[in-house]
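Below is one structure. I have some questions about it.
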Amino acid sequence: MYAKIMNAVNFIQSKKQFLPKVGVVLGSGLGIFGDHVKNKIEISYQDIPHFFKTTIEGHKGKLILGEIGDVPVVVLQGRVHFYEGHSIEEVVFPVRVLAKLGIKMLVLTNASGGVNFSYRPGDLVLLEDHINLTGKNPLIGPNLDEFGPRFPDMTYAYNKQMNEQFIETAGEINYNLKRGVYCALTGPSYETPAEIRMLRAIGADMVGMSTVPETIAANHMGVKVAAISCVTNMAAGLLDQKLDHEEVKMEANKAMNIFTKLLTNTIAKL
């Protein structure tokens with residue numbers, strides 16, 4: 001695994017001698033943010049050793065090296081998911097590559113279903129914590145001592161200082177940034193109304209199919225993490241309607257202006 005990661009790192013560095021400070025992973029329908037990166041070089045995932053092609057609509061499958069403000073960044077336009085048939089190690093492989101490229105901070109984004117009754121489609125929510133109900137952990141197996149400790153602490157999985165920067169930026173642009181707990185399940189089927197009632201009972205505000213494995217892997221490697229979720233639909237049973245991926249993409253697109261401003265202004269501070 002370590003050799004594969006360094007192989008990918010060396011390939012990326014051969015395209016541009018670059019030391020990124022901040023990494024960004026863009027979830028479903030949020031890839032347009034990549035258009036705002038300056039002085040950029042784009043690399044298709046298919047060209048990077050040991051990366052996998054994205055198969056989900058709304059995930060472009062490109063790695064972008066460039067700048068946001070004066071901050072050097074590396075952006076992943078899209079991710080692969082466990083439900084696509086990948087191992088959990090393959091799911092977190094790109095984040096581990098970003099860490100080895102030198103990032104100190106990682107901003108994860110995703111589309112989610114709103115479990116909290118106070119949320120509405122289009123709301124952006126800052127993750128304060130998560131619940132892992134995938135039954136998977138990317139650290140299972142022999143520990144990669146080059147990356148981090150056998151038992152990494154997850155008390156502050158989402159970095160308090162980074163979260164404070166997002167909250168401060170939201171205030172400056174007069175946006176009511178919600179805060180909440182994200183619950184990860186494997187998918188790809190959406191949850192049943194009974195499952196959503198269970199998630200609410202255990203303290204979840206949002207539900208989705210990504211982000212948590214990446215958060216664990218990044219924390220293991222000493223990278224600070226913040227995450228923004230776009231509530232693209234209310235979870236099953238909250239409204240008398242069915243769910244579909246087209247709605248997810250549509251609501252994510254509606255939120256793009258404020259999402260881009262929030263992300264761009266915060267990264268410039270980081």
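The values are calculated or read from the model by the stated rules, or taken from the named source; none is laboratory data. Every value quoted in this text rests on a predicted model; they were computed, and no experiment measured them. Neighbour counts are summed over all protein chains in view; Cβ atoms, including those assigned to glycine, are modelled from backbone coordinates with ideal geometry.
Which count do you get for residues in the stretch 163-178 that are in contact with a Lys or Arg (Cβ under 6 Å, 6 or more places away or on another chain) and part of a helix (DSSP H, G or I)?
1
Same structure again: For the subset of the stretch 25-46 comprising residues that are out of contact with any helix residue (DSSP H, G or I) (no Cβ under 7 Å at 6 or more places or on another chain) and under 26 Å from Asn233 (Cα atoms), which member is surrounded by the most Cβ atoms within 10 Å (Cβ to Cβ)?
Gly27
Still on this structure, I have one more. Take the residues of the stretch 92-133 that are touching a Leu at 6+ places or on another chain (Cβ under 6 Å) and part of a loop (DSSP other than H, G, I, E, B): which is farthest from Glu191 (Cα to Cα)?
Gly102
Show the residue pairs that are 6+ apart or on different chains and have beta-carbon atoms under 7 Å apart, the first residue being within the stretch 1-30 and in contact (Cβ under 8 Å) with a residue 24 or more places away in the chain, the second being of a type in the set (Asp, Glu).
Met1/Glu89; Tyr2/Glu146; Val25/Glu214
Among the residues in the stretch 164-175, are any farther than 26 Å from Phe93 by Cα, among the small types (Gly, Ala, Ser) and modelled with pLDDT of 95 or more?
Checked the stretch 164-175: at least one residue is farther than 26 Å from Phe93 by Cα, among the small types (Gly, Ala, Ser) and modelled with pLDDT of 95 or more.
Suppose we keep only residues that are hydroxyl-bearing (Ser, Thr, Tyr) and surrounded by 18 or more Cβ atoms within 10 Å (Cβ to Cβ) within the stretch 159-185. Which one would you say is nearest to Ala218 (Cα to Cα)?
Residue satisfying both the conditions and the ranking: Tyr182.
Yes or no: Leu63 more than 24 Å from Ala170 (Cβ to Cβ), of a type in the set (A, V, I, L, M) and in a strand (DSSP E or B)?
Against the criterion (more than 24 Å from Ala170 (Cβ to Cβ), of a type in the set (A, V, I, L, M) and in a strand (DSSP E or B)), Leu63 qualifies.
When you check Gly148 against the structure, is it surrounded by fewer than 19 Cβ atoms within 10 Å (Cβ to Cβ), among the small types (Gly, Ala, Ser), assigned to a loop (DSSP other than H, G, I, E, B) and modelled with pLDDT of 95 or more, yes or no?
yes
Could you check Thr55 against (1) under 17 Å from the mean Cα position of the chain (by Cα); (2) of a type in the set (Ser, Thr, Tyr); (3) within 21 Å of His130 (Cα to Cα) and say which number it fails?
It is condition (3) that Thr55 fails.
While we're on this one: I need every pair where a residue in the stretch 31-44 that is over 17 Å from Lys15 (Cβ atoms) and in contact (Cβ under 8 Å) with a residue 40 or more places away in the chain has its Cβ under 9 Å from the Cβ of a residue that is outside any strand (DSSP E or B) and of a type in the set (S, T, N, Q), sequence separation at least 6 or different chains.
Every condition considered, the pairs that remain are Ile32/Asn253; Ile32/Thr260; Phe33/Thr260; Phe33/Thr264; His36/Thr260; His36/Thr264.
Let me ask something else. Of the conditions (1) assigned to a strand (DSSP E or B); (2) modelled with pLDDT under 95; (3) under 17 Å from Leu76 (Cβ atoms), Ala226 fails just one. Which one is it?
It is condition (2) that Ala226 fails.
Is there a residue being over 17 Å from the mean Cα position of the chain (by Cα), at pLDDT 95 or above and crowded, with 16+ Cβ neighbours inside 10 Å anywhere in the stretch 151-158?
yes
Now a separate question. Every residue in the stretch 192-215 that is among the polar types (S, T, N, Q) and on the phi < 0 side of the Ramachandran plot, please.
Thr192, Ser210, Thr215
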